[in-house]
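Accompanying notes for the structure given below.
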Amino acid sequence: LSALLVFFLFYRALEMRNQKRPVYLAVLFLLLAYFSHEENFIILPAVLVCVLLGSREGPYGLPAILRKKHWWSAALVAVALITSQLLVVFWVNPQIFATDQSRRPQIQISLDNIPYYFHLLFQGGNAITDNVVPWLLTQPWITVNSLLALLGCLIAWTRKDRRARYCALFLIVSSCTLIFAFTMQADRYYYPLLPVYYLMGAYAFWRILEATWRFVRLHLALPAGRPYPELALLLRIVMR
């Protein structure tokens with residue numbers, strides 16, 4: 001829930017970037033998300049990338065928020081609090097901080113997680129919803145949902161829809177942070193991204209239905225004796 005609120009509030013802050021209250025509210029929920037579940041750090045790079053790319057303006061495409069004092073103030077507050085928490089934990093227990101049982105650092109650039117998350121999302125193993133419904137019932141849907149989410153991201157980048165691009169960018173950057181920068185492997189680490197994951201899948205499904213309707217409505221309620229006139233016209237145009 002906290003990750004979903006961060007996702008929404010930062011988009012609203014971008015829409016009202018000249019106002020102070022939306023920015024501070026978004027940063028407040030970002031801190032609540034991080035301190036309530038530390039693995040929410042995977043959305044921090046996504047937030048940064050989305051607000052920078054989402055606020056580009058002018059002929060050179062420079063982020064407008066870099067010229068806003070209240071954005072800098074809110075960012076400095078968030079950085080100071082998160083850094084203070086990390087330093088306190090480091091000073092209290094330097095021997096075990098940021099390591100798992102194998103003594104590997106939790107934050108490290110690595111390609112080792114690619115097979116695990118590919119198997120989790122696209123091959124149906126260790127389905128995300130195992131603990132909610134029977135495993136066999138969820139096996140096919142994880143793969144279908146992952147393919148729809150991937151298709152939704154591709155469609156978003158081919159269309160000039162700021163909202164869809166924001167959603168796709170948030171999901172892609174967060175997923176890449178989890179896969180390439182976090183060494184621990186568990187399906188629960190993907191939980192904060194599930195709302196955006198299913199949102200992009202729904203977006204792709206909606207676009208598929210929209211394209212299907214545009215195709216089908218060409219052949220509905222046609223006058224007798226004139227089958228598929230629009231299709232015939234389209235073929236003539238293509239042949240030219």
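The values are calculated or read from the model by the stated rules, or taken from the named source; none is laboratory data. Because the structure is a prediction, the values reported are computed rather than measured. As a convention, Cβ positions derive from the backbone with ideal geometry for all residues, glycine included, and neighbour counts pool all protein chains shown. Areas reflect the complete protein model, heavy atoms only, side chains present, ligands, DNA and RNA absent. Shrake-Rupley method; radii C 1.70, N 1.55, O 1.52, S 1.80 Å.
Counting only heavy atoms of the protein chains and using a 1.4 Å probe, Ser110 has close to 20 Å² of accessible surface. Cross-link partners for Lys20 among the lysines, with Cα-Cα distance under 24 Å and sequence neighbours closer than 8 places in the same chain left out: Lys68, Lys69. When the chymotrypsin sites (Phe, Trp or Tyr not before Pro) in segment 16-75 are filtered for DSSP coil states and for at most 10 other beta-carbon atoms within 10 Å of their beta-carbon, the remaining sites are Tyr60.
Taking the charge dipole of segment 8-97 about its Cα centre, with +1 at Lys and Arg Cβ atoms and -1 at Asp and Glu Cβ atoms, the residue from His70, Ser36, Ser84 reaching farthest to the positive side is His70. Segment 21-46 to segment 72-87: how many Å between their Cα centroids? Here the answer is 11 Å between Cα centres.
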